[in-house]
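A.B. asks: Quick one: the structure is below, questions incoming.
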Amino acid sequence: MQATSKTVNRTEITVVRGDITRQEVEAIVNAANSSLMGGGGVDGAIHRAGGPAILSECQEIRARQGGCPAGEAVITGGGNLPAGHVIHTVGPVWHGGGSGEPDVLASAYRRSLELAAANRITTIAFPSISTGAYGYPVDEAAAVALSVVKSFCQEEPAISEIRFVLFDDRTYEAYRQALASA
């Protein structure tokens, strides 16, 4: 398994190439859509691997608050996943970068980390949010993600490991470079 890591404050930030649904961490992050009803890419893979319990909890959240807006996050149990929780966050759809996409993407990462800390989660794994169907350029998304994570770790040492789990070599390399620059 390809991996590289860096420690910020007391948090180990790791970038690995792999399958997020197989990570043995307390929580994984789902790059969800605002409906919370599952979809393609990472979202579909998490729902398939986690089973119907995750969708059932997402339906309860929808009934309570009507979904999850871009830049926000909600938490469910992990169903059949090795991770005990799934934090569902919605990133921005890329429209060229002039429509506030970097701020919304930063908020998606920050809200996910805040939710993890509030739930006493100490190990968390992220995918590359918004870089699939939502079209966010991978290099730019990686820079935003690592900047937010580094800043969070300097302020909030409660999370001991933040892992970025990337599905392909191109995305892994972009996050590896962003980690080296962070």
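None of the figures in this text is laboratory data; all of them are computed from the coordinates on show. Computed from a predicted structure; not experimentally measured. Neighbour counts are summed over all protein chains in view; Cβ atoms, including those assigned to glycine, are modelled from backbone coordinates with ideal geometry.
A.B. asks: Any residue that is under 15 Å from the mean Cα position of the chain (by Cα) and among the hydroxyl-bearing types (Ser, Thr, Tyr) - is there at least one of those in the range 144-165?
C.D. replies: Checked the range 144-165: at least one residue is under 15 Å from the mean Cα position of the chain (by Cα) and among the hydroxyl-bearing types (Ser, Thr, Tyr).
A.B. asks: Determine which member of the set Gly40, Gly44 is in contact (Cβ under 8 Å) with a residue 24 or more places away in the chain and of a type outside the set (Val, Ile, Thr).
C.D. replies: Result: Gly40 is the single residue among Gly40, Gly44 that is in contact (Cβ under 8 Å) with a residue 24 or more places away in the chain and of a type outside the set (Val, Ile, Thr).
A.B. asks: Which one is nearest to Gln154 (Cα to Cα) among residues in the range 29-45 that are in contact with a Lys or Arg (Cβ under 9 Å, 6 or more places away or on another chain) and not small (Gly, Ala, Ser)?
C.D. replies: So, considering only residues that are in contact with a Lys or Arg (Cβ under 9 Å, 6 or more places away or on another chain) and not small (Gly, Ala, Ser), the one nearest to Gln154 (Cα to Cα) is Leu36.
A.B. asks: Could you list, in sequence order, the residues of the range 6-25 that are in a strand (DSSP E or B) and not charged (D, E, K, R)?
C.D. replies: Passing the criteria: Thr7, Val8, Thr11, Ile13, Thr14, Val15, Val16.
A.B. asks: Which residues, counting only those in the range 26-48, are among the polar types (S, T, N, Q), part of a loop (DSSP other than H, G, I, E, B) and either in contact with a strand residue (DSSP E or B) (Cβ under 7 Å, 6 or more places away or on another chain) or buried (at least 21 other Cβ atoms within 10 Å of the Cβ) (or both)?
C.D. replies: Passing the criteria: only Asn33.
A.B. asks: Between a first residue in the range 1-14 that is surrounded by 13 or more Cβ atoms within 10 Å (Cβ to Cβ) and a second residue that is aromatic (Phe, Trp, Tyr) and assigned to a strand (DSSP E or B), which pairs have beta carbons less than 8 Å apart while being 6 or more apart in sequence or on different chains?
C.D. replies: Ile13/Phe164; Thr14/Phe164
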